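The values are calculated or read from the model by the stated rules, or taken from the named source; none is laboratory data. Bear in mind that the values here come from a model prediction, so they are computed numbers and not experimental data. Note that we place each Cβ from the backbone using ideal geometry, even for glycine, and neighbour counts take in every protein chain shown. Just so you know, the surface numbers come from the protein's heavy atoms only, side chains and all, with ligands and any DNA or RNA stripped out. Shrake-Rupley method; radii C 1.70, N 1.55, O 1.52, S 1.80 Å.
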Amino acid sequence: PARALLLAASDEAEARGRRARALGQLRGALVRVTAEREEEEMALQDGTADLPSRLAEARLGCRRAQRRLEPALLQLKYAREDGVTGGDLAAAEAAVAAASAEARQADRELSNVHVALCLRLSSFPE
C-alpha cells in the first residue's frame, strides 16, 4: 500500500510538473504577444508604422526640391553674369529663395524619418 501511494504521488508530481511547464510556456508566449501588440500600438500612435512609405515620400520630396533648386540657381547665376538688374534679378532671387525653402523642408522631413528609424533601432536587441 505504501509503495502504491508513493507511485501515485510520483505520477501526480510528474503531471503537475508537466502542467507547470506548459503554463510557463503559455505565459511566455502571452508575454511575447503582449509586447508585440504594445509595440504595434506604439508604432501606430507615433506614426512609425508606415516608415517605409514615409521614407519613400521624403526621398521623392528631396529629389523634387533638388530638381527645382538647380535650375533656379543656374538662372540666377546667368542673370548675374549677364548683368540683369531690377525685376528680373529679383524674380530669379525669389525663385532661388522659394526653391531653397522647399529643399530645407524636404530635408527636415527626411531627417524626421531618420530620427523615427533610429528610435526604432532600440527595439531590436541585436
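Okay, here's what the table says:
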{"item": "Neighbours by Cβ (under 6 Å, 6+ apart or cross-chain): first from the range 89-108, over 16 Å from residue 75 (Cβ atoms); second open to solvent by 60 Å² or more (accessible area, probe 1.4 Å)", "result": "none"}
{"item": "Residue that is modelled with the lowest pLDDT, among those in the range 43-71 that are open to solvent by 90 Å² or more (accessible area, probe 1.4 Å), touching a helix residue (DSSP H, G or I) at 6+ places or on another chain (Cβ under 8 Å) and not polar (S, T, N, Q)", "result": "46"}
{"item": "Residue 78, sole failed condition from (1) farther than 29 Å from residue 116 by Cβ; (2) open to solvent by less than 60 Å² (accessible area, probe 1.4 Å)", "result": "(2)"}
{"item": "Subset tally (residues that are at pLDDT below 90 and either in contact with a Gly (Cβ under 9 Å, 6 or more places away or on another chain) or open to solvent by less than 70 Å² (accessible area, probe 1.4 Å) (or both)) for the range 3-21", "result": "1"}
{"item": "Breaking point among (1) hydrophobic (A, V, I, L, M, F, W, C); (2) farther than 21 Å from residue 53 by Cβ; (3) open to solvent by 80 Å² or more (accessible area, probe 1.4 Å), for residue 119", "result": "(2)"}
